[in-house]
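See structure below.
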Amino acid sequence: MKEDFLHYIWRYKKFDFQSLQTSRGEKFTIINVGSYLENAGPDFFNGQITIDGQKWAGNIELHLKSSDWYLHHHEKDTAYENVILHVVWEHDVDIFRKNNIEIPVLILKEYVSKDFIENFQKLTSPKSWIYCENQIQDVDDFTYSNWLERLFIERLERKQKSIDEQFIKLNKDWEAVLFSLLAKNFGLNTNGIAFMELAQNIPFAIIRRESADALNLEALFFGFCGLLDGEKEDLYYRELQSRFGYLVLKYQLDFKRTIPLQFFKLRPDNFPNIRLSQLAQVFARNQQLFTDCVKVKSVKEVSQIFDVGTSEYWQTHYTFDKVSPKRVKKLSAKFIDLVMINTIVPLQFAYFKSRDEEIQERLMAIMHEIKPESNAIIDKFKDLGLSVNNAFDSQSLLQLKNEYCNLKKCLSCAIGIQLLNPTNDVKNV
């Protein structure tokens with residue numbers, strides 16, 4: 001038994017509350033269970049009850065055992081002086097206020113059905129991956145699809161918070177925010193943090209002024225990432241090195257090198273120098289990139305914006321000084337999908353939220369066009385028999401796993417609640 005399960009039972013009255021008695025045999029009725037408080041202090045604020053016809057209003061505290069009151073030192077905390085009821089699973093000791101008046105006790109387990117408890121124990125018994133892995137397919141389609149929508153919006157809201165922080169940090173410049181998000185995206189998991197540092201170390205005003213020349217952007221990106229240190233015979237390397245030195249002096253840049261870039265175990269097409277060259281091309285080709293990105297309504301439109309490759313030099317190189325067979329290294333459809341998922345959709349959500357405009361339906365429609373991500377979490381959900389048809393599904397399931405399953409928040413999850421209450425709706429989730 002867990003205390004959060006008691007909170008759920010009390011909050012949603014998942015017990016027989018028609019003929020209650022206190023531990024002393026007094027007749028007891030509930031007028032209002034109170035407001036659930038998840039911060040410090042009593043669990044439920046401003047509850048209302050009657051005991052033998054006498055109405056009481058105040059706070060209500062829940063514990064697995066009555067003795068937990070003393071274990072948690074509530075007797076020394078003035079926040080608990082207005083507790084009118086102690087709801088417990090097991091009553092092992094009487095509790096008194098400072099004036100020696102006993103606090104009434106309701107023993108909750110006497111009023112909860114065995115079936116309900118068994119459902120909870122079945123749901124939370126140890127599993128190999130998530131609690132409901134043997135039951136998740138039993139959830140009806142209506143509950144499941146509505147919960148995925150809620151999870152998707154929650155995931156966007158979590159990303160929005162990070163974007164809003166960047167917006168403030170970058171002097172409320174949405175174009176600079178886009179640059180930062182795209183840079184992280186182009187760095188992928190391996191070099192994402194380093195690429196984001198790069199974007200935040202170069203004032204975006206300089207990117208605007210130099211965007212007419214992709215070679216200058218490449219020089220800035222390579223230089224700040226430490227790819228132009230040392231000496232090489234390669235003429236292209238020397239050209240970038242020369243341009244970088246000139247730009248640092250021109251703009252009096254406070255040169256802060258990013259954390260070291262990683263090449264190890266990366267496919268050549270994902271080498272950071274290749275991605276940086278592509279990023280330079282994106283900004284060189286489009287002088288109104290932010291405006292175009294917030295207007296797009298389909299994957300096709302995004303694909304047109306990001307239909308870019310590298311500079312000519314990197315068509316015949318993967319590293320400096322070493323020629324490779326010529327290959328036009330354009331952004332792949334799979335990579336553009338990631339840009340859409342991780343940059344464009346969250347950016348649109350945050351931007352239009354800042355303008356008090358709701359575009360959730362549009363964003364969900366876009367995500368339904370995109371293929372789902374492929375990773376260990378999504379593969380595991382597929383193994384459990386769930387259909388993952390698009391990026392909307394995969395993003396929602398990632399939110400489910402990370403924010404609910406991993407944290408064992410079954411009682412806050414529509415899936416968990418329906419499995420606890422197979423015949424009930426989940427409107428209170």
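Computed quantities for the displayed model
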quantity: Residues that are among the basic types (Lys, Arg) and part of a strand (DSSP E or B), drawn from segment 42-89; calculated: Lys55, Lys65
quantity: Filter result for the condition that a residue is farther than 20 Å from Tyr36 by Cα, surrounded by 14 or more Cβ atoms within 10 Å (Cβ to Cβ) and not acidic (Asp, Glu), over Ile107, Ile101, Ile95; calculated: Ile95
quantity: Flag if Asn201 is in contact with a helix residue (DSSP H, G or I) (Cβ under 7 Å, 6 or more places away or on another chain) and closer than 22 Å to Thr319 by Cβ; calculated: no
quantity: Selection count where residues are closer than 22 Å to Thr258 by Cα and touching a residue at least 60 places away in the same chain (Cβ under 8 Å), scope segment 142-183; calculated: 9
quantity: Every residue from segment 1-29 that is in a loop (DSSP other than H, G, I, E, B) and of a type in the set (A, V, I, L, M); calculated: Met1
quantity: Filtered residues of segment 45-62 (kept if surrounded by fewer than 21 Cβ atoms within 10 Å (Cβ to Cβ) and either outside the structural domain of Glu90 (by TED's automatic domain parsing) or of a type outside the set (Ser, Thr, Tyr) (or both)); calculated: Phe45, Asn46, Gln48, Ile51, Asp52, Gly53, Gln54, Lys55, Trp56, Ala57, Gly58
quantity: Residue satisfying condition, being modelled with pLDDT of 95 or more and under 29 Å from Ile417 (Cβ atoms), within set Leu62, Leu37; calculated: Leu62
quantity: Positions within segment 138-192 being among the aliphatic types (A, V, I, L, M), assigned to a helix (DSSP H, G or I) and farther than 24 Å from Ser354 by Cβ, in sequence order; calculated: Leu148, Leu188
quantity: Test: residue in segment 118-128 that is more than 29 Å from Asp383 (Cβ to Cβ) and of a type in the set (Ser, Thr, Tyr); calculated: no
quantity: Among the candidates Asp115, Asp92, residue that is in a loop (DSSP other than H, G, I, E, B) and among the acidic types (Asp, Glu); calculated: Asp92
quantity: Segment 320-367 - residue that is of a type in the set (Phe, Trp, Tyr) and in a helix (DSSP H, G or I) and, of those, nearest to Ala391 (Cα to Cα); calculated: Phe335
quantity: Number of positions in segment 233-270 that are over 24 Å from Phe204 (Cβ atoms), touching a Ser or Thr at 6+ places or on another chain (Cβ under 9 Å) and outside any helix (DSSP H, G or I); calculated: 5
quantity: Answer residue from segment 295-321, given it is under 15 Å from Phe222 (Cα atoms) and of a type in the set (Val, Ile, Thr) and is surrounded by the most Cβ atoms within 10 Å (Cβ to Cβ) among those; calculated: Thr310
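The values are calculated or read from the model by the stated rules, or taken from the named source; none is laboratory data. These figures come from a predicted structure and were not determined experimentally. No Cβ is skipped: glycine too gets one built from the backbone with ideal geometry, and neighbour counts run over all protein chains shown.
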